[in-house]
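The structure under discussion appears below in the form of structure tokens.
A short reminder: the numbers here are calculations on the coordinates, not readings from a lab. What you see is a predicted model; the values in this text were computed from it and never measured. Here the Cβ positions follow ideal geometry from the backbone for every residue, glycine too, while neighbour counts run over all protein chains shown.
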Amino acid sequence: MKEHLIIYNTLTRKKEVFEPINPPFVGLYVCGPTVYGDAHLGHARPAITFDLVFRYLQHLGYKVRYVRNITDVGHLTNDSDDGEDKIEKKAKLDRLEPMEIVQFYTNRYHKNMEQLNTLPPSIEPHASGHIIEQEELVKKILDNGYAYESDGSIYFDVDAYSKKYNYGKLSGRRVDELIANTRQLDGQSEKRNPADFALWKKATPEHIMRWPSPWGDGFPGWHLECSCMSQKYLGDRFDIHGGGLDLQFPHHECEIAQSTAAYGHEAVKYWMHNNMVTINGQKMGKSLGNFITLYQLFSGDNDVLEQAYSPMTIRFFILQAHYRSPLDFSNEALKAAQKGYERMMAAVNALDKIKPSAENTVAIDDLSAKCHEAMNDDLNTPILISHLFDGVRLINSLIAGNEKINPDNLTKLKKLYHDFVFDILGLKAESESASQDREVMGKILDMVMSIRTEAKQKKDWATSDKIRDELKAAGVIIKDTKDGYEWSLEN
Ligand code: ZN
């Protein structure tokens, strides 16, 4: 750990030298998914960003406890204190037990995470498994005078808190503006102040997800679980809290307020936020209806997609941008990422073809230093990747015999690529290149489909239906279009 890792702390709005509270241990908490639907490209970004943080800290020699929660209760529509629980709403629509929804989408999320080659967190706590702890936290905040009961619900008292602490310090919002902005929307007469937020909500009679509490049957507010579970597993002072920029307000702001109100001091030393994924400059999200799920990206089954993109293409696409920069989706950008990823992997595979020589004309230590420098500068993966591509040119020159490398440097070069490409960037070889598979499959399908077209022209419906049905049985879905057909694979 001789190297100085510098990270941008969203709380201080400055780049800071990373100094863990209790080295070599590092506590890392990241807000995980709300499990009521499939993960989309927007979810892949925090997952990959903080996987990179997790991997790099371990590479530097830290012992990291990475906690990423599963939100399975209390996340109401539009992130407000009213409306339905998102999971419960889906459960009612599909006539399922809410925990069936939770299990189903948690399994699918895990599969996506494995496909993207993100390492599993050390602990993955569910909000529904920590109701007692959340009630204890509510009691503490009540006892400390920063919350009040109102008709069976408990609200955080932003006014009382603001007399001693700074509510809005993370997002840069001012309490008076928050009150002014929320006043018009206020149908919530239970609250003393429109900026107050729910710690505990009273359950209406039809609400399914409910637990007994000293204040009657109810359920915890969404922000509470992260304050509670981060403290339980990482202590009331820990190193890094991460999440998407869209969580900065209100979610993370409320977390800071809750933790400070409970413990009398802030819990988190460094706040890190990844920027958003946009489609044509617009934020991607369920409510906007423009999201592409990871399953769709991997199968190509979405009208926006010109082809399928493999998980490693998606990973490379995300890593090619700095985590604090916005990232815009387009087919062109993803195709470029696919080429970049394939070029990188081809070079890694070609390392074995290099023959060491007695002579040496290359400086591997320089390249290695530059790669570390890029990562130490707030995890600058685009710069890192550009250095690794400089190295790809070097590898090609070595194979062509235009440069010479001695055995010692060759060992270093191999280790450099192994460390950065596999261990840190978390890329892996895709068994056979997914795009090659698709190309071959496309050609076979073209052939089969031309037989089907001929059969249709001859009014040989038996053959044409047989082809369609058997492709369907094999998991290939054919859609007839004006210009011919489109195909996709079932998930
Ligand atoms: Zn959270």
Subject >> For the chain, projected area of the alpha-carbon convex hull averaged over all directions, nm² >> reply: 27.6
**OP:** Could you name the lysines whose alpha carbon sits less than 18 Å from that of LYS466, not counting residues in the same chain fewer than 8 places away?
**Re:** LYS456, LYS458, LYS479
Original post:
Normalised by the number of residues in the chain, what is the relative contact order in percent for Cα pairs under 8 Å and 6+ residues apart?
Top reply: 16
Original post:
Going toward the positive end of the dipole of the chain, with +1 on Lys and Arg Cβ and -1 on Asp and Glu Cβ, which of THR411, ILE318, PRO194 do you reach last?
Top reply: THR411
Original post:
Counting every Cα pair in the range 3-69, what percent are over 14 Å apart?
Top reply: 66
Original post:
What ³J(HN,Hα) values, in whole Hz, does the Karplus curve 6.51 cos²θ - 1.76 cosθ + 1.60 give for the range 363-376 when θ = phi - 60°, with x put for Gly and Pro?
Top reply: 10, 6, 4, 4, 4, 4, 4, 5, 5, 5, 4, 4, 5, 6
Original post:
Which value at 222 nm does the chain reach when only helices count, each DSSP H run of 4 or more adding -39,500 (n - 2.57), with the total divided by all residues and rounded to the nearest 500 deg cm²/dmol?
Top reply: -14000 deg cm²/dmol
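Under 8 Å for C-alpha pairs, at least 6 residues apart: give me the relative contact order for the range 434-489, rounded to a whole percent.
Across the range 434-489, relative contact order equals 17 percent.
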Subject >> Neighbour net charge for LYS202 - beta-carbon separation under 12 angstrom, K R +1, D E -1 >> reply: -4
Original post:
Summing +1 for each Lys or Arg and -1 for each Asp or Glu, what net charge is found among the other residues whose Cβ lies under 12 Å from the Cβ of GLU332?
Top reply: 0
**OP:** Work out from phi, with θ = phi - 60° and the Karplus expression 6.51 cos²θ - 1.76 cosθ + 1.60, the ³J(HN,Hα) of each residue of the range 388-398, listed in order in whole Hz, and give x for Gly and Pro.
**Re:** 5, 6, 4, x, 5, 4, 4, 4, 5, 5, 5
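Over the range 6-274, calculate the relative contact order: mean separation of alpha carbon pairs under 8 Å at least 6 apart, over the residue count, as a percent.
Relative CO of the range 6-274 lands at 23 percent.
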**OP:** Over all alpha-carbon pairs of the range 6-274, lay out the pair-distance distribution in 10 Å bins, whole %, shortest bin first.
**Re:** 7, 30, 36, 22, 5, 0
Original post:
For GLU135, what is the net charge nearby, where nearby means another residue's Cβ is under 15 Å from its Cβ and Lys, Arg count +1, Asp, Glu -1?
Top reply: 0
**OP:** Assign one of three labels to the range 434-489, namely rounded, prolate or oblate, based on the Cα gyration tensor with a ≥ b ≥ c the square roots of its eigenvalues; rounded applies when a/c is under 1.5, prolate when it is not and a/b is larger than b/c, and oblate otherwise.
**Re:** prolate
Subject >> Two-site FRET efficiency, ILE399 against LEU489, from Cβ-Cβ distance with R₀ of 41 Å, rounded to 0.05 >> reply: 0.70
**OP:** Taking 7 Å along the Cα-to-C-beta vector as the label spot, tell me the ARG324-LYS443 distance in nanometres, rounded to one decimal.
**Re:** 4.8
**OP:** Report, ordered by chain and residue number, the lysines lying within cross-link reach of LYS90, taken as a straight Cα distance under 16 Å and ignoring same-chain residues fewer than 8 apart.
**Re:** LYS286
Subject >> Cα point-scatterer Debye curve for the range 299-383, base-10 log of I(q)/I(0) at q = 0.17, 0.18, 0.19, 0.24 Å⁻¹ >> reply: -0.87, -0.93, -0.99, -1.21
**OP:** Looking at the chain, send over the antiparallel percent of its DSSP beta bridges, to the nearest 5.
**Re:** 55
**OP:** Whole number please: convex hull volume per residue, Cα atoms of the range 44-197, in Å³.
**Re:** 172
Original post:
Where q = 0.23 Å⁻¹, what log10 of I(q)/I(0) comes from the Debye formula for the range 353-398, counting one point per Cα?
Top reply: -0.81
Original post:
What order do you get for 334-347, 191-204 when each peptide is scored by the mean count of other beta carbon atoms within 10 Å, highest first?
Top reply: 191-204, 334-347
Subject >> Cross-link table LYS63/LYS169; LYS86/LYS139; LYS339/LYS428; LYS111/LYS428, entries beyond 18 Å C-alpha to C-alpha >> reply: LYS63/LYS169; LYS86/LYS139
